[in-house]
1. Among the residues of region A:133-170 satisfying the criterion of being touching a Lys or Arg at 6+ places or on another chain (Cβ under 8 Å) and hydrophobic (A, V, I, L, M, F, W, C), which is most open to solvent (accessible area, probe 1.4 Å)?
2. Every residue in region B:4-28 that is more than 11 Å from ligand 1 (Cβ to nearest atom), within 10 Å of B:ASP55 (Cβ to Cβ) and open to solvent by 70 Å² or more (accessible area, probe 1.4 Å), please.
3. Name every residue in region A:195-216 that is surrounded by fewer than 21 Cβ atoms within 10 Å (Cβ to Cβ) and of a type in the set (Gly, Ala, Ser), in order of residue number.
4. Checking B:VAL149 against (1) within 16 Å of ligand 2 (Cβ to nearest atom); (2) within 14 Å of chain A (Cβ to nearest Cβ), which single condition isn't satisfied?
5. I'd like to check which helices (runs of 4 or more DSSP H) are fully inside region A:1-86 and have at least 3 residues that are basic (Lys, Arg) and within 19 Å of the chain's Cα centre (by Cα).
6. Within region B:96-139, restricting attention to residues that are within 11 Å of chain A (Cβ to nearest Cβ) and among the charged types (D, E, K, R), which residue is farthest from B:ARG194 (Cα to Cα)?
7. Condition first: out of contact with any strand residue (DSSP E or B) (no Cβ under 8 Å at 6 or more places or on another chain) and within 14 Å of ligand 2 (Cβ to nearest atom). Now tell me which residues in region B:1-36 satisfy that.
8. Going through region A:183-232 one residue at a time, which ones are away from every other protein chain (no Cβ under 14 Å) and not in a helix (DSSP H, G or I)?
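The values are calculated or read from the model by the stated rules, or taken from the named source; none is laboratory data. Worth saying up front: this structure is predicted, and the values here are computed from it rather than measured. With ideal geometry, Cβ positions are generated from the backbone for all residues, glycine too; neighbour counts draw on all protein chains shown. Each accessible area value is taken on the protein alone, full model and side chains, heavy atoms only, with ligands, DNA and RNA left out. Shrake-Rupley method; radii C 1.70, N 1.55, O 1.52, S 1.80 Å.
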Amino acid sequence: MKRREFLKTVLDNSVWVILSIFLIFNAFYTPRFFTVLNLRNILIHSSILGIVVIGESLCLLSGHFDLSVESTLALAAVVGSLLVKNGMGIFTSILAMLLSGGMVGLVNGMLIRKVGLNAFVATLITYIGVRGTALGIVEGKTIWNLPPSFCFLGAGTIWLFPVQILLLIGLYGVFHLLLITTRFGRHVYLVGDNQLAARISGINVDRVVVSVFVLSGFLSAFAGLVMAGRLNSASPLFGTGMVFEAMSAAIIGGISLRGGVGSLPMALGGVLLLSSISNVLNLHAVSPYWIQTIRAIMILFAVVLDSLKRRLVRYEE
Amino acid sequence: MLLQLENVSKSFGEVRALENVSFVLNYHEIVGLVGGNGAGKSTLIKILAGVFPPDKGRIYLEGQEVVFRNPKEAHNHGIYTVHQKMEEILAPHHDVTANIFMGEEVTRPLFRSFIPFIKVLAKREMEKEAEEILSRVGIRIDSVRRPIVSYSGGQRQAVALARAIRKKPKILLLDEPTAALGVKEKFQVLRLIRRLGKEEGISIVIVSHNLEEVFEVVDRIVVLRNGQVVGECSPSQATKERVVQMIVGGE
Ligand SMILES: Nc1ncnc2c1ncn2[C@@H]1O[C@H](COP(=O)(O)OP(=O)(O)O)[C@@H](O)[C@H]1O
Ligand SMILES: [Mg+2]
């Protein structure tokens, strides 16, 4: 019985266990890995993906998923940059870009709950449509040279710390607390665990699902702001393919595709693990093409762990 | 009359689940709803619980017409339900407390003094209350922090029952509440139902296949067949054979 509890704790935190082993191993065997500069690099690389993963995780926890995150990121980057380049104030531009993300989320939520499409179809539509809109607005061109204050969140530092890293930590903290200490957060989990039971118990499923997608849209847009700042530019092709990375990170972190199970800190662990692996492969000058293969193996591994975990807690007749 | 259904019909596509059903529940009354599989018992319960609206017909509560657009509105009128199927009741990967409080979580202000509108879940209070209610139901659950998947069918049903009686309902609807229970648990739950009905004055509709237990706890039996009410009797005046005959039909 005690061994079982222990095993369950290990499995529940498997991503941190694996990440620690990976970090320690590479501290010895990968030159230039365990330096402050490199670890800082890993964190910086994690920040944009990490912010997108928060939104994706909210959707996954509620039993849905959001393919449109990467397109929303690009749209927001383009919208904000265009406005700021055309003389709009920094603050209003940022507000407008966040709103554009929220709008995409609202459309997703409405397509799912009011029109009755499933999450795959609904967000596939916005995934394609929003990317098209982003490309259309700037006719496929990249916008260069943004004002420094607009780039602060993506490229600035506060004392010694890059703002992106602080944002990453802050957002994970806030959203984790939202999920585990508030009624709304509890409802997100319950809707993901059993949507029918949640509805029959009187939870407003429409409101929960729409809110989750709107939050996902806001977060993707915010990631777009950070990315534009980091690269001092905005391209309608920003984040291409990122949705698969985001889903991988969340799943590797132990967030169940079936909804209702997992947590944000674990998803962050997934993000850090993926970034560390890319980083190590880089340091060893392995061709980046292999990263995909390794990621596939990790997802397989994560899914096997998940079913093992489920078997451990189930009642035995 | 506490609750009255008037000419209620409900179809699912081609299937006519209920046809012109009229039904009455009096104050302090326990009614047994019996009938074969697919007779429409669960459909009747779900209409009363606000899970879906009837196609036709009216519902009156204490003489006033009511329309339940969702389960929450039924809750607000004091109607609580234990549905038949586990997948309609419980969130399997959540702990017992989370399930008992599902949709009605208790919150407290995070900073009582300066920003009272930020509310967080009152986990400690909910756990304490969950333990109290479960001890009232009388089925052993070793920890309210373990997920539902780790408990047996009977224990799951106890959790569902605990949720339904937590707020002291005016009307309690129980759809086959003893189906998954062992002999001892069944006895305990029946005793609880009788106590809720007789001592606490809660009006109860109980669906059951087990005529033995129906005769033991109810004041009145209503028989459904093919979506219609085909008979009604009191257990003190009718025999089980007579009720069985009404359930299966024919002479
Ligand atoms: N959600 C539903 N969709 C389609 N048909 C349903 C649904 N619910 C019930 N039915 C049908 O309605 C009839 C009555 O079902 P139900 O009320 O569950 O019967 P009982 O509880 O008496 O066994 C059955 O023929 C059943 O197949
Ligand atoms: Mg039934």
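1. My answer is A:ALA155.
2. Residues satisfying the conditions do not exist here.
3. Result: A:GLY202, A:SER211.
4. Only one criterion in (1) within 16 Å of ligand 2 (Cβ to nearest atom); (2) within 14 Å of chain A (Cβ to nearest Cβ) is unmet by B:VAL149, namely (1).
5. Output list is empty.
6. Here the answer is B:LYS119.
7. B:PHE12, B:VAL15
8. Across region A:183-232, the qualifying residue is only A:ASN232.
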